[in-house]
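The values are calculated or read from the model by the stated rules, or taken from the named source; none is laboratory data. Not measured: the values here are computed from a predicted model. Glycine also receives a Cβ, built like all others from the backbone with ideal geometry; neighbour counts cover every protein chain displayed. Side chains included, ligands, DNA and RNA excluded: accessible areas come from the protein's heavy atoms. Shrake-Rupley method; radii C 1.70, N 1.55, O 1.52, S 1.80 Å.
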Amino acid sequence: MRLARLASVLIALATLAGPARAFESEAHVIYEATPDSPVLRILSTTDIEIFEPMLRAFQERNPGTTIDYTVASSTEMMKALVSEGQAFDVALSSAMDLQTKLSNDGMALSHVSTATARLPEWANWRDQVFAFTQEAATLVVSPAAFEGLERPRNRQDLITLLREHPERFRGRIGTYDIRSSGAGYLFATQDARTSETFWRLMEVMGGLGTHLYCCSSEMIGDVASGKLAFAYNALGSYAEPRQAAGEAIEVVMPEDFVTVMHRTALIPASSESPGLGGAFVDFLLNAAWSGDPPDYYPFATVNPRASDETPSLRPIRIGPGLLVYLDDMKRASFSKAWLDAVVRE
């Protein structure tokens with residue numbers, strides 16, 4: 001196991017691990033067991049540094065397995081699985097709607113086990129898409145940027161602040177670019193379904209020169225550095241550990257509503273090692289739903305009663321309702337309205 005413990009080597013060329021990839025990956029790492037060991041290939045939207053403890057823990061329990069972990073945006077993940085038929089054994093994504101579409105289009109394998117059987121109905125769709133996190137879309141703010149101002153309690157408060165102090169916030173706002181971020185598109189469509197305030201906020205943010213991002217980590221980093229005054233809909237699961245570590249950020253949970261997404265796991269139909277994929281899915285679900293998650297599980301405890309205890313939480317449900325905004329005409333219409341409000345090209 002010496003190699004398994006040491007092998008956290010970032011691979012610069014993805015072609016070293018398999019067939020050439022036309023989709024764009026953000027990072028790629030191989031945790032090698034032995035040169036001839038079976039390979040578990042995971043495609044994920046989660047950064048390596050966040051998920052590495054889980055990967056190492058799985059390998060310790062399965063010492064004869066090499067893990068090939070690729071990070072890509074949810075949009076590129078769909079390209080890899082749908083357009084290119086890449087043979088990954090597990091797909092982990094923050095874009096629940098795209099995972100649901102993969103299943104709906106016959107591109108996911110069914111998996112039934114004691115781990116999947118313990119999930120509540122809302123966390124298991126068709127024995128193919130499995131929820132393993134609860135993560136809130138939050139407002140991440142720079143305390144320095146809000147000096148002398150009250151923190152906004154809801155979206156209307158935020159709109160009022162932006163209108164009353166435009167020069168303080170001009171060019172210092174961040175959110176997802178829904179054209180490239182599947183999670184960002186999911187959050188935007190869910191926010192729009194929940195409240196018309198979303199569109200008023202987008203109009204005001206757009207008028208102040210909002211910066212667009214692919215992912216939460218970059219947004220949060222720019223808030224911490226002072227480049228941004230706040231990031232809208234950044235994942236609290238990424239921001240809270242950084243705040244606890246002393247970075248100059250604060251996490252605000254809006255009182256009007258908080259959209260809660262679930263990262264989901266599935267086994268792609270193109271998998272060459274579905275048995276290994278299923279073993280990893282079970283390992284992940286057991287950690288997530290244990291009630292007292294182990295240290296290597298990198299997210300907050302899953303609470304099945306969270307929305308009952310905190311009425312402002314609006315969990316996104318896995319299911320066919322997520323496919324509505326993936327319709328080509330719906331997507332084009334929504335994207336145009338968003339671009340007109342935020343980008344104003």
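Inside the range 141-173, residues that are in contact with an Asp or Glu (Cβ under 7 Å, 6 or more places away or on another chain) and among the β-branched types (Val, Ile, Thr) make up a count of 1. One residue is enough: does the range 66-74 have a residue meeting the conditions aliphatic (A, V, I, L, M), open to solvent by less than 30 Å² (accessible area, probe 1.4 Å) and in contact with a Gly (Cβ under 6 Å, 6 or more places away or on another chain)? Scanning the range 66-74 turns up no residue that is aliphatic (A, V, I, L, M), open to solvent by less than 30 Å² (accessible area, probe 1.4 Å) and in contact with a Gly (Cβ under 6 Å, 6 or more places away or on another chain). Here residue 129 passes the criteria (1) touching a helix residue (DSSP H, G or I) at 6+ places or on another chain (Cβ under 7 Å); (2) of a type outside the set (S, T, N, Q); (3) without any contact (Cβ under 8 Å) to a residue 40 or more places away in the chain; (4) over 15 Å from residue 272 (Cα atoms) except the one numbered (3).
Any residue in the range 256-266 that is farther than 30 Å from residue 108 by Cα, within 20 Å of the chain's Cα centre (by Cα) and part of a loop (DSSP other than H, G, I, E, B)?
Yes.
Residue count for the range 179-217, restricted to those that are open to solvent by 50 Å² or more (accessible area, probe 1.4 Å), modelled with pLDDT of 95 or more and not aromatic (Phe, Trp, Tyr): 4.
Scanning the range 13-25 turns up at least one residue that is open to solvent by less than 30 Å² (accessible area, probe 1.4 Å), hydrophobic (A, V, I, L, M, F, W, C) and either part of a strand (DSSP E or B) or at pLDDT 50 or above (or both). Applying the selection to the range 326-338, what residues are within 21 Å of residue 210 (Cβ to Cβ) and either in contact with a helix residue (DSSP H, G or I) (Cβ under 9 Å, 6 or more places away or on another chain) or touching a residue at least 60 places away in the same chain (Cβ under 8 Å) (or both)? Within the range 326-338, 331, 334, 335, 337, 338 qualify. In the range 287-328, of all residues being part of a helix (DSSP H, G or I) and touching a Phe, Trp or Tyr at 6+ places or on another chain (Cβ under 7 Å), the one that is surrounded by the fewest Cβ atoms within 10 Å (Cβ to Cβ) corresponds to 325.
In the set (1) in contact with a His (Cβ under 7 Å, 6 or more places away or on another chain); (2) modelled with pLDDT under 95, the condition left unmet by residue 328 is number (1).
Check the range 239-255 and report whether any residue there is under 22 Å from residue 53 (Cβ atoms), open to solvent by less than 20 Å² (accessible area, probe 1.4 Å) and either of a type in the set (Phe, Trp, Tyr) or without any contact (Cβ under 8 Å) to a residue 60 or more places away in the chain (or both). Scanning the range 239-255 turns up no residue that is under 22 Å from residue 53 (Cβ atoms), open to solvent by less than 20 Å² (accessible area, probe 1.4 Å) and either of a type in the set (Phe, Trp, Tyr) or without any contact (Cβ under 8 Å) to a residue 60 or more places away in the chain (or both).
Quick one: how many residues across the range 75-109 are among the hydroxyl-bearing types (Ser, Thr, Tyr), open to solvent by less than 30 Å² (accessible area, probe 1.4 Å) and in a helix (DSSP H, G or I)? I'd like the intermediate steps shown before the answer.
Just the residues of the range 75-109 that are among the hydroxyl-bearing types (Ser, Thr, Tyr), to begin with: 75, 83, 93-94, 100, 103.
Next cut, open to solvent by less than 30 Å² (accessible area, probe 1.4 Å) only: 93-94, 100, 103.
Subsequent filtering for residues that are in a helix (DSSP H, G or I) retains 100, 103.
Of the residues in the range 75-109, 2 are among the hydroxyl-bearing types (Ser, Thr, Tyr), open to solvent by less than 30 Å² (accessible area, probe 1.4 Å) and in a helix (DSSP H, G or I).
Considering each residue of the range 71-100, count those that are of a type in the set (S, T, N, Q) and at pLDDT 90 or above, and give that number.
To start, the set of residues in the range 71-100 that are of a type in the set (S, T, N, Q) comprises 73-75, 83, 86, 93-94, 99-100.
Okay, now just the ones that are also at pLDDT 90 or above, so 83, 86, 93, 99-100.
The number of residues fulfilling the criteria is 5.
Among the candidates 290, 270, the residue that is modelled with pLDDT of 95 or more and more than 17 Å from the chain's Cα centre (by Cα) is uniquely 270.
Checked against the criterion of being within 17 Å of the chain's Cα centre (by Cα) and over 22 Å from residue 330 (Cα atoms), the range 175-183 contains not a single residue that satisfies it. Among the candidates 50, 42, the residue that is in contact with a Leu (Cβ under 7 Å, 6 or more places away or on another chain) and either modelled with pLDDT of 95 or more or not in a strand (DSSP E or B) (or both) is uniquely 42.
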